[in-house]
Amino acid sequence: MLIVRGRAGGTELTGTVYERGEQPPPFRGAPDEDAAYVWICDEFYEVNSGGSVQVIDGREVHLAFESPMPRGFDTREQAIVGAKEHVRTQFARIGVDPADVELEVETET
């Protein structure tokens, strides 16, 4: 299992890459069970009111969360690239420059 974490604006987002032989949590729309690597992470976007309030770069941002959409990949490298892109995209959706996101990948045992 790989943990992919992005940090920016005083907050962080973490997702998980499940490797072959590990059982990812089941979700509607999950990729083919034969996928060697499965990425699962929250998806969110900014709303005008309601949602969860998070302070990003000193401003209050109201977040609405979508159901996680697992993605399947054939190789570890593809999974890591896809995971990093996903994390950058989530930050961009709330007004953070994707170039400002610090990313790290760690192996969980």
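The values are calculated or read from the model by the stated rules, or taken from the named source; none is laboratory data. This one's a predicted model, so the numbers in the text were calculated from it and none came from an experiment. Note that we place each Cβ from the backbone using ideal geometry, even for glycine, and neighbour counts take in every protein chain shown. Areas reflect the complete protein model, heavy atoms only, side chains present, ligands, DNA and RNA absent. Shrake-Rupley method; radii C 1.70, N 1.55, O 1.52, S 1.80 Å.
Structure notes:
- Under-5 Å amide H pairs with Ile56, H placed in peptide plane, nonlocal only: Val61
- Packing-based order for 74-80, 44-50, using average beta carbon neighbours within 10 Å, highest first: 74-80, 44-50
- Overall, the accessible surface of the range 39-109 at a probe of 1.4 angstrom is composed of carbon and sulfur to the extent of 44 percent.
- Nearest-ten-degree value, helix 76-92 long axis tilted from longest Cα axis of the chain: 20
- Net charge of Cβ neighbours under 12 Å - reference Leu63; Lys, Arg +1; Asp, Glu -1: -4
- One entry in (1) 19, 16, 13; (2) 26, 16, 10; (3) 53, 10, 9 is semi-axes √(5λ) of the Cα gyration tensor in Å calculated from the shown coordinates; its label is (2).
- Per residue, the chain exposes an accessible area of 59 Å² to a 1.4 Å probe, with every protein chain left in place.
- Between Ala36 and Phe73, the built amide H atoms are under 5 Å apart, and every one of these is 5 or more places off in sequence or on another chain.
- Here His86 sits with roughly 10 square angstrom of accessible surface, probe radius 1.4 Å.
- The local environment of Val101, defined by Cβ-Cβ distances under 14 Å, has a net charge of -2 under the rule Lys, Arg +1 and Asp, Glu -1.
- Helix content alone sets the calculated 222 nm mean residue ellipticity of the chain: runs of n ≥ 4 DSSP H residues at -39500 (n - 2.57) each, divided across all residues, give -5000 deg cm²/dmol.
- Charging the Cβ of each Asp and Glu at -1 and of each Lys and Arg at +1, and nothing else, the dipole of the chain about its Cα centre rounds to 180 debye.
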